[in-house]
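The values are calculated or read from the model by the stated rules, or taken from the named source; none is laboratory data. Given the structure is predicted, the values throughout are model-derived calculations rather than measurements. Every residue, glycine among them, receives a Cβ derived from its backbone with ideal geometry; neighbour counts consider all protein chains shown.
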Amino acid sequence: MNKSLEPTKGRLAMLRGLRPFLVPYRKQFILAGIALVVAAGATLAIPYAFKQMIDAGFGAVRAGDTSHIDLYFLALFAVACVLALATAARFYMVSWLGERVTADLRSAVYQHVVMQSPQFFETTQTGEVLSRLTTDTTLIQSLVGTSISMALRNALLFVGGLAMLFVTSAKLSSIILVLLAAVVLPIVIFGRRVRKLSRESQDRVADASALAGEILNAMPIVQAYTREQQEAGRFRSAVEQAFRTALARIRARSLLTVIAILLVFGAIVFVLWLGAHAVVRGDMSAGDLGQFVLYAAVVAGAIGALSEVLGEAQRAAGAAERLLDLLALRSPIQPPAQVRPLPPRTANGAALRLEHVTFHYPSRPQAPSLADLSLNIAPGETVAVVGPSGAGKTTLFQLLLRFYDPQQGSIRLDGIDIRELDLHALRGAIGIVPQDTVIFSANAMDNIRYGRLDASDEEVVAAAKMAAAHEFIERLPQGYQSFLGERGVRLSGGQRQRIAIARALLKNPPLLLLDEATSALDAESERLVQGALEAAMAGRTTLVIAHRLATVQHADRIIVMEHGRIIESGTHASLSAQGGLYASLAALQFSHQS
């Protein structure tokens with residue numbers, strides 16, 4: 001589990017963190033509160049109505065007067081009608097609040113997650129985040145839509161019932177109050193145990209979800225290595241671990257329920273036994289005892305329900321804790337306090353300058369990926385970046401996009417430090433074709449239009465033609481409307497890469513980053529795309545990462561990186577003549593091709 005998402009607090013007070021999501025709906029809470037008070041009042045009126053019916057109604061019948069008994073029953077039915085309407089109104093309002101607050105919370109968490117830097121996604125499993133968006137928010141929905149209402153309702157019934165018990169018989173009520181006080185201690189002790197187990201149970205479910213997400217995203221490899229049974233076994237073990245943890249929570253809650261009910265009702269039965277003897281002695285009327293019995297039942301039921309709600313609240317507190325921990329995370333990449341605008345775009349593209357840039361990944365602080373790197377790229381220049389794996393080429397692109405900030409040095413786009421630019425403005429000025437192509441579960445038209453959402457169909461088709469993608473898209477069953485499958489599974493690797501190139505070309509940025517943009521293409525497609533890219537490079541600055549040197553021979557300049565430093569710079573001809581690292585790589589590749 002990601003350490004940054006571990007709990008920082010362990011109290012029900014964590015639920016206070018949900019207040020920003022509840023405050024916008026004050027009106028609905030007030031309406032629900034009114035319905036709640038009316039329903040509780042009607043419930044508390046029923047025992048009093050029974051007392052009147054027993055003492056006055058049946059007493060009048062014994063005296064030969066039957067004119068009032070119908071009135072008492074009508075009054076009792078009227079109270080039941082009020083109770084029914086108020087309960088229905090309360091249920092509707094709190095259910096609406098539960099759904100509304102949960103929807104807002106899910107949206108807020110997802111929006112917050114997508115704003116995090118790549119550092120967050122390198123250390124957090126996707127399945128864990130999805131578990132928080134689904135399982136944890138469902139617990140919050142139960143809390144807001146049911147538990148809070150039940151807690152307030154039963155708290156009102158408890159307070160009101162207890163007050164009416166004292167009105168009916170102060171002596172018996174004092175005894176029952178002392179006995180109930182002795183019940184609270186074991187409930188509190190076991191409640192803490194339930195909360196701890198609830199948190200552990202939710203963590204185990206998140207672990208199982210994370211494992212499932214990881215494996216489902218790697219099914220071709222799993223099946224290629226025939227590891228289906230092994231992965232199914234791993235998931236089964238994770239599910240069983242979650243089940244065992246949940247079982248421990250269920251046992252604790254069951255024990256809590258048993259203790260609460262036995263102690264509460266044991267105390268009430270004892271007091272009622274005393275009340276029965278009081279009636280026999282003539283100290284109480286039958287109606288008083290009936291009223292006391294019903295109010296005692298109301299109080300006991302309220303305590304039992306509150307113990308149940310406490311268990312739900314403990315689980316919801318764990319869920320709120322996890323969600324609020326996630327919302328409390330702050331990306332290390334923050335927009336500047338004072339934003340500087342980019343100058344107007346020129347016909348040649350953007351100027352780029354790196355000054356003494358040093359960077360190491362947070363997970364590897366002792367090993368710099370870039371070390372005192374300086375580079376000046378003129379507008380419209382095409383610069384190829386070559387070197388062995390681990391030289392820092394991809395890291396350079398990540399810094400240009402400001403996925404990370406360098407520990408030392410600065411990067412300037414058109415003379416402005418990129419840390420002074422709005423993140424969207426910076427990234428809007430950069431187009432990238434990554435080595436690992438991303439295709440969304442949509443049609444071909446929408447996948448290309450992702451580069452510029454306001455592009456017309458004609459512009460999308462033009463970009464596809466430039467990327468040599470138009471021909472194979474036209475051959476798809478529904479052409480540009482063809483669904484490409486999750487992660488583009490219906491396309492070959494080369495086709496996916498041409499879709500990505502078309503997307504970047506449609507964006508039409510002043511700075512274009514190509515990370516092995518033709519690595520997944522066959523010879524014919526590479527020839528077509530290479531020609532398209534050369535045309536697309538006109539009027540913009542381009543950086544190209546390439547392992548196949550044949551694709552960058554015609555670059556304006558080639559820089560050779562090793563261990564995060566630039567060790568050579570020049571054209572293909574000049575570098576080949578120097579006899580350095582580039583010459584060695586070129587000799588190896590071109591002799592192999594020959």
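Residues being buried (at least 19 other Cβ atoms within 10 Å of the Cβ) and not small (Gly, Ala, Ser): count how many of those fall in region 31-49.
Count: 4.
So that you can scan it fast, the table gives a plain yes or no per residue for (1) assigned to a helix (DSSP H, G or I); (2) loosely packed, with under 12 Cβ neighbours inside 10 Å; (3) aliphatic (A, V, I, L, M):
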{"site": "234", "(1), (2), (3)": "yes, no, no"}
{"site": "241", "(1), (2), (3)": "yes, no, no"}
{"site": "250", "(1), (2), (3)": "yes, no, yes"}
{"site": "262", "(1), (2), (3)": "yes, yes, yes"}
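Looking only at region 370-389, how many residues end up being in contact (Cβ under 8 Å) with a residue 12 or more places away in the chain and more than 21 Å from residue 556 (Cα to Cα)?
So the count comes out to 3.
Being modelled with pLDDT under 85, surrounded by 13 or more Cβ atoms within 10 Å (Cβ to Cβ), farther than 20 Å from residue 217 by Cβ and outside the structural domain of residue 405 (by TED's automatic domain parsing) narrows it down to one residue among 488, 494; which is it?
Within the list 488, 494, the selection yields 494.
Looking only at region 286-296, decide whether some residue is more than 12 Å from residue 168 (Cβ to Cβ) and modelled with pLDDT of 75 or more.
No, that holds for no residue.
Is region 178-187 home to any residue that is in a helix (DSSP H, G or I), at pLDDT 75 or above and not assigned by TED's automatic domain parsing to the domain that holds residue 488?
The answer is yes; a qualifying residue exists.
Report yes if some residue within region 320-334 is touching a strand residue (DSSP E or B) at 6+ places or on another chain (Cβ under 6 Å), among the β-branched types (Val, Ile, Thr) and not in a helix (DSSP H, G or I); otherwise report no.
No, every residue in region 320-334 fails to be touching a strand residue (DSSP E or B) at 6+ places or on another chain (Cβ under 6 Å), among the β-branched types (Val, Ile, Thr) and not in a helix (DSSP H, G or I).
Considering (1) crowded, with 17+ Cβ neighbours inside 10 Å; (2) farther than 30 Å from residue 302 by Cβ; (3) modelled with pLDDT of 70 or more, say which one residue 127 fails and leave the rest.
Condition not satisfied by residue 127: (3).
So residue 74 clears everything in (1) closer than 20 Å to residue 143 by Cα; (2) modelled with pLDDT under 85 except one condition, right? Which one?
Single failed check for residue 74: (1).
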